[in-house]
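Encoded as structure tokens, the structure appears first; notes follow it.
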Amino acid sequence: MLTRRSLLRGTVAAGAAAFSGVASVLGARYDLVITGGRVIDPVDRLDGSMDVAIRGDRIAAVQSGIAVSDADRVIDAHGKLVVPGLIDIHTHTRLKQMPSTCLSDGVTSLVDGGSQGADRIEEIIDVARSAPNRVRVLLNVARTGITRPEGEFMDISHANVPLAQEAIERHLDLIVGVKARLSAAVAGANDLEVVRRAQAIVEPFNLPVMVHIGDTVSPLQDILQLLKPGDIVTHVYAPTPHGIFDDDGQLLPEVIAARRRGIWFDIGHGRIAHITWKMAEYALERGFPPDTISSDWSVAGSTDQVFDFPNVLSKFLLLGMPLEQVIACGSANAARVFPAFADRGTLRVGSPADVTVLDLQDGAFEFVDNENTVRIGQQKLVAHEVVLGGKRVDR
């Protein structure tokens with residue numbers, strides 16, 4: 001990134017004015033201008049070569065031809081994509097350094113997807129409070145949080161409603177909902193009761209429930225009946241049994257009805273039986289794209305299958321989703337799921353200045369699904385620059 005002082009030094013040394021009308025630093029109209037990139041803002045339906053100007057911690061202008069002489073600092077984004085700061089609504093950021101790692105990959109806002117329950121929620125709250133980016137938390141319905149090898153809901157007493165409500169009351173500024181893993185190895189035959197208790201937990205707070213589907217004991221139709229508008233189904237492209245398709249390969253009518261009444265369908269890529277190329281391709285071919293793309297990123301996922309959020313987004317380019325739709329699923333759409341992100345996911349003037357500059361690289365790139373099946377994609381998204389609250393992030 002160039003400063004106006006360095007630009008002026010270079011101009012004098014060259015003996016010619018590289019930019020005309022350069023004012024003093026104190027006279028700069030903008031603190032930062034991101035210049036020359038392809039701006040994609042799904043909210044305002046922008047897609048074209050434009051400049052983005054930032055003043056303080058807010059977007060000040062999005063238009064062509066903003067003079068770099070009006071800026072204190074400049075990011076040259078020629079040949080790059082300039083998009084709203086990425087929002088990953090399903091991660092597992094248990095350690096204090098993990099949000100920073102996500103930030104370096106362009107994720108300016110994220111949600112921890114139920115790593116801990118009421119017994120140890122302070123651990124995740126501490127991570128959220130110390131994070132440089134905006135981190136919010138889903139409380140695990142189980143007081144124990146995620147447990148292995150025996151799942152947390154095999155003992156249904158772990159789904160303790162009063163304890164969970166007390167935890168939410170203590171941290172209403174950071175807890176944005178609850179999370180319930182429902183697969184057979186985690187909840188067994190208790191899956192529906194877990195959802196009922198999850199709804200009882202959030203009812204006083206009007207918060208959403210995120211449910212983890214795939215390989216459940218109960219049919220998905222029964223689970224969907226217990227969800228309300230604003231709730232989230234994650235691992236939407238999980239393979240059979242009890243995914244979004246019936247035994248004849250038809251999209252369940254209850255899934256279509258759930259989307260119509262306001263249930264969100266999220267990817268939650270992860271590593272184990274959450275997404276296969278076959279299921280994702282099949283769903284997209286039948287007109288059922290995800291509402292949001294999320295990574296289910298974790299320590300293990302940082303070196304296996306997931307790697308980083310732009311890598312997960314890139315897989316949907318391989319699957320044929322338009323670039324603009326992929327960006328929306330990782331920004332604008334995600335911002336609509338949780339009120340905590342309602343002012344994010346856009347480059348609209350006046351909005352918080354969270355911006356991700358992506359390099360859309362061409363080549364031959366290897367991607368794998370949860371079955372470690374390799375496919376070669378022709379494009380890959382890589383974080384190039386990140387701006388958080390108007391400040392360039394040192395990556």
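Which residue, chosen from Ala342, Asn370, Val357, occupies the Cα position most advanced towards the positive end of the dipole of the range 281-395, where the dipole is computed from +1 (Lys, Arg) and -1 (Asp, Glu) charges on Cβ about the Cα centre?
Positive-end residue among those listed: Ala342.
For the charge dipole of the range 85-341, defined by +1 on Lys and Arg C-beta atoms and -1 on Asp and Glu C-beta atoms about the Cα centroid, which residue among Thr292, Val194, Ile213 has the Cα displaced farthest towards the positive pole?
It is Thr292, whose Cα lies furthest towards the positive end.
Expected output is a single nm value to one decimal: the length gained when fully extending between Asp44 and Glu285, i.e. 0.36 nm times separation in residues minus the C-alpha distance. What is it?
Here the segment from Asp44 to Glu285 would lengthen by 84.0 nm.
Based on alpha-carbon centroids, what's the gap between the range 341-369 and the range 134-192 in Å, whole number please?
So the separation of the two Cα centres works out to 30 Å.
By how many nm would the segment from Asp359 to Asp394 grow when fully extended, if each residue of separation counts as 0.36 nm and the alpha-carbon distance is taken off?
In short, 10.9 nm is gained.
For the modelled label position 7 Å from the Cα of Glu371 along Cα-to-Cβ, which residues of the range 251-271 have backbone nitrogen atoms closer than 16 Å?
271
Which residue, Leu318, Leu86, Leu103, tops the fluctuation ranking in a GNM of the chain built on C-alpha contacts under 10 Å?
Leu318
Got a sec? How would Arg134, Arg348 order by Cβ neighbour count within 10 Å, fewest to most?
Arg348, Arg134
Test of understanding: ordering Lys228, Lys380 by Cβ neighbours within 10 Å, fewest first, what list do you get?
Ascending Cβ contact count within 10 Å gives the list Lys228, Lys380.
For the range 85-341, what proportion of DSSP beta bridges, expressed in % and rounded to the nearest 5, is antiparallel?
5 percent
How far apart, in nanometres, would the label points at Glu166 and Lys278 be if each is projected 7 angstrom from Cα along the Cα-to-Cβ direction?
For the pair Glu166/Lys278, the computed spacing is 4.8 nm.
Cα to Cα, under 13 Å, and not fewer than 8 places away if on the same chain: which aspartates and glutamates meet these conditions relative to Lys391?
Asp31, Asp57, Asp72, Asp354
Of all DSSP beta bridges in the range 79-159, what percent run antiparallel (nearest 5)?
The answer is about 0 percent antiparallel.
Starting from the Kirkwood Rh over alpha-carbon pairs, what translational D in µm² s⁻¹ does the range 48-120 have by Stokes-Einstein at 10 °C and 1.306 mPa s?
Translational D for this selection: 106 µm²/s.
How large is the charge dipole for the chain, taken about the Cα centre, if only the Cβ atoms of Lys, Arg (+1) and Asp, Glu (-1) carry charge, to the nearest 20 debye?
So the magnitude is around 1280 debye.
So between Ser100 and Arg261, what do we pick up on full extension, going 0.36 nm a residue minus the alpha carbon distance?
54.4 nm
Starting from the Cα of Thr303, step 7 Å along the direction of its Cβ; do the same at Asp57; then give the gap between the two resulting points in nm.
Going by the 7 Å Cα→Cβ label model, 3.6 nm.
Bear in mind that the values in this text are calculations on the coordinates, not laboratory data. Being a predicted model, the structure only gives us computed values, none of them experimental. Neighbour counts run over all protein chains shown; Cβ positions are idealised from the backbone, glycine included.
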